[in-house]
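Working notes for the structure below.
The values are calculated or read from the model by the stated rules, or taken from the named source; none is laboratory data. Everything numeric here is computed off the predicted structure, so don't read it as measured data. Here the Cβ positions follow ideal geometry from the backbone for every residue, glycine too, while neighbour counts run over all protein chains shown. What goes into the accessible areas is simple: the full protein's heavy atoms, side chains included, and nothing from ligands, DNA or RNA. Shrake-Rupley method; radii C 1.70, N 1.55, O 1.52, S 1.80 Å.
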Amino acid sequence: MNRFKAALRTPWFGALLAIVVLLAVNTIKDPGYLAIGTNQTTGMMSGNLLDILRISAPIIMISLGMTFVIATEGIDLSVGSMMAIGGAVAMQTLSSINQPSSVTAMLTAIGLALLLAFVLGTVNGILVAVVGLQPFITTLVMMMAARGIARVITGGQNTNARNGPFNQLATGQILGIPTGFVLAIGIVVLVALLMRRTALGLMIESIGINPHASRLAGIRPRPILIAVYALAAVLAAIGGLFTVAEVMTVNPSSTGNLMELDAILAVVIGGTSLAGGKFSILGSTAGALLIATLNKTVVFLGVPSAATPAFKGVVIIILVLLQSDRVRSLLKRRTKSPTTPSTPTAELESQEALA
Amino acid sequence: MSHLKRARSLVGGIAAGVLALGLAACGGGDSDTADNGTDGATGGETITVGYVAVGPEGGWRDAHEKAIRDAFGAESDLELKYAPASSPTDQRSQLDAFAQFVNDEVDVILLTATEASGWDASLELAKEAEIPVILLDRGVDSSPDLYVTRIAPDNVNVAAQVGEWALSVFPDGADYYVLEGVPGLSVVNERNEGFEEAISGASGWNKVGAQTANWSAEEGKSVTETVLRANNNAIDFIFAQNDEMGIGAALAVREAGLTPGEDVKIATIDGTTGALEALAAGDLSFVAQYNPFFGDLAIDAVRKALAGESVDPVIIVPGDAFDSPEAGQAALDNGLGF
C-alpha cells in the first residue's frame, strides 16, 4: 500500500494516468482501438498502440538528452535542429554511397551523423561551461546555425535515399515491437545505468543546485557540462535518424522543426524541475510517450487542425496543474473535509503547501 | 565606447561572412548570368532591370529565381541586376536594394516582397522616377496604381485542377481526406477553397476529415496511418496540399498493406522532383504543378510596360498537371522538377 502511495506521488504517474485516459477515450470512440493484429499483406504486427510506440522513439531520444541539460539548470533549444543535422548527414551520405542494401553504408551514415552532432554539442558545451554564455542564448544561436548547416549539407534541397537496413530502423519490428522503440528503450536503459550506477547523475544534479558549492566539494563542472550538452546533441541526432528513417527523406527546413518544445514539455511533464537539481529519466520517457499518444489521439478523434494546438495545450496544462503541490493540497482538502475531520498533521501539510 | 563599437563591427563582419558563405553555398549551381547581359547586346540600348528578390529560401524559390535569371540572361538586350534579401525575412535589405535601383535609374524593377506591407513609400518613389514595378509571385498590400502588374501562380486555380481531376477519376464520388499545411497560412485556405469549389455540387463526395501534417513527410505518414486505422482503410482519395505530405501518405498506405494508386489514390500540389519520381513509380496518382518557371511572362510584361502598352493588373501563371507515371517520367526528363 505504501509503495502504491509512493508511486502515486511520483510525477510520472500523472503522465501514465493521462496516457491511460487518452487510450480510454479512443477506445470509447472505437472499441477495436487497442486491438493488435497481423497485417495479412505485409505480415507485420499492426495496431494503434504499436504506431504510438514507433513514433515515440524520436521524442524519447530528444527528451532524454534534454533531461540532463535541464537538470544542470540549463536549456537546449538546438535539439530540433540537431535532428535535422542527423537526418541531413545520414540522407546525404546514403544517397552519395547509393547502395540500397548495404549495412556498411548505414553504419557510415549513422557514424558521420553522430560525429557531427557530437562536435556541435561540444561547441554548445564549451560556450556554456568555459566561455560562460547563457545556455538559452548559446543554444538559440546553435538552433539557427545548425539548421543552416543542415541546409548547406543537403544543398537546401529535400534529399532522399534508398537503404533497406536504415529504413528498417524505423519501420522494422523485433518480436512485433517497432525496432525504433526497442532501440530507444535500450539507449534509455544504457544512459540510466551510466547516470545512476556511477556518480555522474548525482554530480549533474549538484551542479544544477549550486555550481559553486559543487566546485568547492571537488566536482569539476566544466567537463560535466560539456559532456551533458554533447550527449543531448548526439541523442537528438539519433532522434533525427529515427525520423528520417521513417520516410527516407529529409527536409532541412522542417525535419525536427519545433521539436525542442516537445522535448521540454516531455521533461517537465516527467517531473524534472526547470530550476535544475533533479531529474527523472523514467519521467521524461513517460512524458515522451504521452506526447506521442497525444499526437495520435488528435488525429484518431478527428480534432480539427485549427484546434489541435489548443487541445494539446489543455491536456498538458491539466496535467501540470494536477502535479502542482498547491492544487493537490486544495483537492485533498475538498475531498477529505466533508467525510473525515482532518488530522492536525494533514492540516499542517496543506498549510505548508499553501504558504 | 570604442571597443564596444569595434566588437559590434566584428560581430557584423562575422555575420556578413557567414551569410556570404551561406549564399555562395546555396547559389553554387547558378551560372552568373546577372551581370554579363551587356556583352551580347547588338545595337539599340540595353534595358536595365533591377530584381529585388528573396534569395535562397527553399526548392521552389530557388528554382523560380534561377528561372527568372536564366530567362533574362538569355535576352541580349536585357541586363538583370539581381539583389537578393540578406535573409528570406529581411525586408530592410529589400527596401535598401529597391531605393538603390531607383537612384541608379534602372528601367524596370522586378519585386518579390518578403512582406506584403510597408512598400507604399518605396513604390511611390519609383512612380515619381517613372520606373515601372512588376511584382513576381508575392503580392503587396499597396494600391494597385503603384505597380504595373503582379505575375504569380494561383493556389485556388492549382487546387481546382486537383478537384477536376478527382471528379474525372471518381465519377461516383469518393471518401476523401485532406492533409493540410501549417494552419492559418493563406496558402492552406486557398488550396482548400480551390479544391472544394471544384468538387462542390458533385454527389457522393464525403470528406472523412482533414488534419495538418505541417508540410512534412513524416507527419503526413503518421496522420495517414492513423486515419486509415480509424476508418478501417475506407479512404478512396487523399488530397495532400504539398508533395511531401503526399509522399509520406503513400508510405503509410503501403505499410497498411494497400496499394497506392489502386486502393487509395493520392494527389499533391507543387511538382518537386521527389513527387515526380513518386508519380513515375506509381505511388502518387496526380501532381499539380505550382509553376515556378515564368521568366517568359516576366520578360513579356517588362517589354509591354516599357512600350507603354496596357498590361493586365494580375497575370496568373498557368501550371502543368501530371496524371500518370509516364507523364511524371516525361516531366522529369524535361527537367521540370525542382
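In units of the compact-protein estimate 2.2 N^0.38 Å, chain A shows a Cα radius of gyration of 1.06.
The GluC sites (Glu not before Pro) of the stretch B:252-313 meeting both criteria, a DSSP state outside H, G, I, E and B (loop) and at most 16 other C-beta atoms within 10 angstrom of the site's C-beta, are B:Glu262, B:Glu309. Calculated on the Cα set of the stretch A:10-169, radius of gyration then Dmax: 19.7, 58 Å.
Under 13 Å of direct C-alpha separation, and excluding same-chain neighbours fewer than eight residues apart, A:Lys278 reaches these aspartates and glutamates: A:Glu73, A:Glu205.
On the basis of the beta-carbon distance and an R0 of 41 Å, A:Thr104 and B:Gln329 show a calculated FRET efficiency of 0.85. What is the angle, in °, between the Cα long axis of helix B:59-74 and the longest principal axis of the Cα atoms in chain B? Nearest 10 is fine, range 0 to 90. Helix B:59-74 sits roughly 50 degrees off the main axis of chain B. For B:Val156 and A:Ser273, the FRET efficiency from 1/(1 + (r/R0)^6), where r spans their Cβ atoms and R0 equals 56 Å, is about 0.65. Summing +1 for each Lys or Arg and -1 for each Asp or Glu among the other residues whose beta-carbon sits under 12 angstrom from that of B:Ile109 gives -2. One decimal place: the segment A:Ala217-A:Ala6 gains 72.8 nm when fully extended, by the rule 0.36 nm per residue minus the C-alpha distance. The accessible-area loss of the stretch A:295-330 on complex formation, taken against its chain alone with a 1.4 Å probe, reaches 40 Å² or more at A:Lys296, A:Val299, A:Phe300, A:Ser305. Pairs of Lys residues in chain B are counted when their Cα atoms are under 26 angstrom apart and they lie 8 or more places apart or on different chains; the count is 8.
Bridge orientation summary for the protein assembly as shown: considering DSSP beta bridges with both residues in this region, about 15 percent are antiparallel.
For the stretch B:175-218, the alpha-carbon radius of gyration amounts to 1.22 times the rule-of-thumb value 2.2 N^0.38 Å expected for a compact globular protein. Scattering from the protein assembly as shown was approximated by placing one identical point on each alpha carbon and applying the Debye formula without solvent; log10 I(q)/I(0) at 0.08, 0.10, 0.11 1/Å stands at -0.71, -1.05, -1.21. Short-range pairs are left out: with C-alpha atoms under 8 Å and at least six residues apart, the relative contact order of the stretch A:54-176 is 39 percent.
Quick one: among A:Leu241, A:Leu140, A:Leu294, which has the greatest mean-square fluctuation in a GNM of chain A with alpha-carbon springs under 10 angstrom? Greatest mean-square fluctuation among the candidates belongs to A:Leu140. The GluC sites (Glu not before Pro) of the stretch B:52-145 that meet both conditions, a loop assignment by DSSP and at most 12 other Cβ atoms within 10 Å of the site Cβ, are B:Glu105, B:Glu130.
Charge tally around A:Met203: other residues with Cβ under 14 Å, Lys/Arg +1 each, Asp/Glu -1 each, net +4. The charge dipole of chain B, taken about the Cα centre with unit charges on the Cβ atoms of Lys, Arg (+1) and Asp, Glu (-1), comes to about 1100 debye, rounded to the nearest 20.
Straight Cα distances below 24 angstrom link A:Lys332 to the lysines A:Lys5, with same-chain residues fewer than 8 positions distant left out. Membrane-span-like helices in chain A, defined here as complete DSSP H runs extending at least 20 Å along the helix axis by their C-alpha atoms with mean Kyte-Doolittle hydropathy no lower than 1.0, are A:11-29, A:48-71, A:79-97, A:103-126, A:135-154, A:179-197, A:221-247, A:281-301, A:308-323; this is a sequence and geometry rule, not a statement about a membrane.
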